């Protein structure tokens, strides 16, 4: 059995990203397909809640409230969940223009909403990709991030 919310989210993204009609279909049908794929019902429900919360945050807009040159200070809880490599990667994405302050905050919020005590760099990349997916005006950033994640995902292990 697959037991992680992020695994459910990644599966949804990989298998249904190009078919938005499947994602907009009856949620119970989609949940049934996820159970058939080996996911636990509790994790499926948590993944749907995670996605609903993301949609709500995107719809309502996250108040950036940050100046363009401000530095994000992570709370002790965030530092515990995101190691130096992950925090550095988020800063890199912001400096490269892939994330703006509002999308960065969405990413951090969605990472903190995951139950895992620690998140690794690969997981951070997937969360960034999911957050950027439906962000108006960030299509180019999404495309850049998608290329990065999918290229790493396709590379064979040595």
* Structure fact -> Considering residues that are surrounded by 18 or more Cβ atoms within 10 Å (Cβ to Cβ) and either within 20 Å of residue 44 (Cα to Cα) or touching a helix residue (DSSP H, G or I) at 6+ places or on another chain (Cβ under 7 Å) (or both), the number found within the stretch 101-113 is 7
* Residues of the stretch 68-85 classified as at pLDDT below 80 and surrounded by 13 or more Cβ atoms within 10 Å (Cβ to Cβ), total -> 0
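Quick test for you: out of 88, 61, 65, 38, pick the one residue that is surrounded by fewer than 18 Cβ atoms within 10 Å (Cβ to Cβ), at positive phi and modelled with pLDDT of 90 or more. If you could, list the steps in order and put the result at the bottom.
Details: 88 fails: at positive phi; 61 fails: modelled with pLDDT of 90 or more; 65 fails: modelled with pLDDT of 90 or more.
The match here is 38.
Yes or no: residue 112 within 14 Å of residue 10 (Cα to Cα) and either touching a strand residue (DSSP E or B) at 6+ places or on another chain (Cβ under 6 Å) or not assigned by TED's automatic domain parsing to the domain that holds residue 5 (or both)? It would help to see each step written out before you state the result.
Details: within 14 Å of residue 10 (Cα to Cα): no; either touching a strand residue (DSSP E or B) at 6+ places or on another chain (Cβ under 6 Å) or not assigned by TED's automatic domain parsing to the domain that holds residue 5 (or both): yes.
No.
Residue-by-condition table, conditions (1) assigned to a helix (DSSP H, G or I); (2) closer than 15 Å to residue 78 by Cβ:
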residue: 106; (1), (2): yes, yes
residue: 111; (1), (2): yes, yes
residue: 123; (1), (2): yes, yes
residue: 126; (1), (2): yes, no
residue: 129; (1), (2): yes, no
residue: 134; (1), (2): no, no
residue: 137; (1), (2): no, no
residue: 140; (1), (2): yes, no
residue: 145; (1), (2): yes, no
* Structure fact -> When (1) closer than 24 Å to residue 49 by Cα; (2) in contact (Cβ under 8 Å) with a residue 12 or more places away in the chain are applied to residue 136, the one that fails is (2)
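The values are calculated or read from the model by the stated rules, or taken from the named source; none is laboratory data. None of the values given here were measured: they were computed from a predicted structure. Cβ: placed from backbone, ideal geometry, glycine included. Neighbour counts: every protein chain shown.
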